[in-house]
Amino acid sequence: MNEEFLHKWQSQVKKGTLAFILLNLLKDKEMYGYEIIDQISRQVAIDIAEGTLYPLLNRLKTDGLVDSKWVEQQSGIPRKYYTLTLTGKATLDEMSEFWNSLDKSIKKISK
Amino acid sequence: MRLIEFDNKNANQIYLDYIERVKRTTKALSDKDREDILMELNSYIYEYIQENKENGEMSNLLAIIKRIGAPEEILPPVIANKKMDQATHTFNPMHVIKALSLNISNGLSYVAFSILYLLLFCFSFLAIAKIFFPGNIGVFKGENRFYIGLFSDSTIEGTQELLGFWFIPVVLLLSICLYFLITFLMRIRQRFKK
């Protein structure tokens, strides 16, 4: 096995699916930055650095897929909560459909 | 923005230095956008430290700063995005120029916008230069020839200048139209992206 190749491929796949994972997490619940990182680590076992998540969230917001609001905290340091917009939901549906059909095809050829 | 308080003096200094770097990197933005970025990164730092208290203040701070990365590296795409948003909401030429320069690497359409913008400056330049070189600037028509702009005597030999000093108001008016056109096109593009 070529481990170097495998690692590269794995990190490419992770990078490519990050937006999909993120939108799926936000589908059910609004979340703030650290919470998103924590959930991705728990549920998908991928460690996303804050420096990767922040620009991604920003881009998704510019593209109109997510929206955000500041929520004051007792500590005096507010959290920015992200939610899925209607466009985000519709886009996620299409993404899921694509993902499922890709999954099916891959299963077929890798049998 | 409310700053995080550290017990350790060195940690506090490292934190303040980092915040200062974020401020410096986001200088091009409006106060509101700048504050938004600062608050969000500040929140990342605070939450990380809160969640990993057992590791100690200093090592947490160093870890989260490493996880966020250098502001000079992670913020440029964020800044370019926000600047573009700002440019489409104002008619301030400085915002537009800044937004274009930040976004030029983002695709061909920005190159097109930049060319339109350059054209706009050429027009404005011609309007002013007409005062100093009235004979060489204008709309020239000869037999099978037609020129608009600044030309040497030999090029325009045998042609007739059509507008005279009317060239200045006409070109200025064209510049204004072009300017509005560019801003509206950018706005449409931005909306289309959303």
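What's the local net charge at A:Lys15, with K and R +1, D and E -1, over the other residues with C-beta under 14 Å away? Walk me through the numbers before you get to the answer.
On the way: positive: A:Lys8, A:Lys14, A:Arg59; negative: A:Asp47.
That works out to +2.
Nearest 10 degrees, 0 to 90: what angle lies between the long axis of helix A:86-109 and the longest principal axis of chain A (Cα atoms)?
The helix A:86-109 is inclined about 20 degrees to chain A.
Apply 1/(1 + (r/R0)^6) to the Cβ-Cβ distance of B:Gln160 and A:Ser101, taking R0 = 51 Å, and write down the FRET efficiency to the nearest 0.05.
Numbers: r = 67 Å, r/R0 = 1.32.
E(calc), rounded to 0.05, equals 0.15.
Determine by what factor the alpha-carbon radius of gyration of the protein assembly as shown differs from 2.2 N^0.38 Å, reporting the quotient. Display every interim value, and only then the final one.
On the way: Rg = 26.6 Å, N = 305, 2.2 N^0.38 = 19.3 Å.
Computed over Cα atoms of the protein assembly as shown, the ratio equals 1.38.
List the residues, sorted by chain then number, that are 5 or more residues from A:Met31 or on another chain and whose placed amide H is less than 5 Å from its amide H.
Correct list: A:Tyr82.
Taking the Cβ-Cβ separation of A:Thr17 and A:Thr87 as r and a Förster radius of 22 Å, what is the calculated FRET efficiency to the nearest 0.05? Display every interim value, and only then the final one.
On the way: r = 20 Å, r/R0 = 0.90.
Efficiency computed from Cβ-Cβ geometry: 0.65.
Tell me which residues come under 5 Å, amide H to amide H, from A:Val66 once H is placed; ignore anything under 5 positions away on its chain.
Amide H neighbours of A:Val66: A:Lys61, A:Thr85.
Please find the FRET efficiency linking B:Lys141 to B:Cys177, where r is the Cβ-Cβ separation and R0 is fixed at 30 Å, and quote it to the nearest 0.05. Before the final figure, lay out each step's value.
Working: r = 22 Å, r/R0 = 0.75.
For R0 = 30 Å, the calculated efficiency reads 0.85.
Which whole-number percent of Cα pairs in chain B have a distance greater than 21 Å? Working shown, then result.
Working: 12143 of 18721 pairs.
Here the tail beyond 21 Å accounts for 65 percent of pairs.
Step by step: find N for chain A, compute 2.2 N^0.38 Å, then divide the Cα radius of gyration by it. What's the final number? Mind showing how you got there, number by number?
Working: Rg = 16.1 Å, N = 111, 2.2 N^0.38 = 13.2 Å.
So chain A has a normalised radius of gyration of 1.22.
Using alpha-carbon positions, what is the distance between the centroids of segment B:1-49 and segment A:1-72, in Å?
22
Dipole of chain B (Lys/Arg Cβ +1, Asp/Glu Cβ -1, origin at the Cα centre): which of B:Ile182, B:Pro93, B:Pro77 lies farthest to the positive side?
So the residue we want is B:Ile182.
Going by how many other beta carbons lie within 10 Å of each one, how would you line up A:Ile77, B:Ile68, B:Ile97, fewest first? Intermediate results must be reported in sequence, preceding the final value.
Details: A:Ile77 18, B:Ile68 23, B:Ile97 14.
Least to most surrounded, the residues fall as B:Ile97, A:Ile77, B:Ile68.
Given all pairs of different Cα atoms, what value in angstroms does the Kirkwood hydrodynamic radius of segment B:113-162 take? Display every interim value, and only then the final one.
Numbers: mean 1/r = 0.0867 Å⁻¹.
By the Kirkwood definition, the hydrodynamic radius is 11.5 Å.
Relative to the longest principal axis of chain B, what angle (0 to 90°, nearest 10) does the C-alpha long axis of helix B:57-68 take?
Orientation of helix B:57-68: about 30 degrees from the principal axis.
Between helix A:33-44 and chain A, what is the angle of the helix's C-alpha long axis to the longest principal axis, kept within 0 to 90° and rounded to the nearest 10?
Helix A:33-44 and the main axis of chain A meet at about 30 degrees.
List residues of segment B:29-54, by number, whose backbone nitrogen lies under 12 Å from a label position 7 Å along Cα→C-beta of B:Asn8.
Residues B:54 fall inside that zone.
Report the Rg/Rh value for segment B:1-76, based on alpha-carbon coordinates and the Kirkwood definition of Rh. Don't jump to the answer; show the numbers that get you there.
Numbers: Rg = 12.2 Å, Rh = 12.7 Å.
The Rg/Rh ratio comes out at 0.96.
Per residue of A:46-57, how many C-beta atoms from partner chains lie within 10 Å of its own C-beta, taken as a mean?
5
Taken together, the values in this text are just the output of simple stated rules run on the coordinates, not laboratory data. Here the structure is a predicted model, which means the values were calculated and not measured. Here the Cβ is made from the backbone with ideal geometry for all residues, glycine too, and neighbour counts use every protein chain on show.
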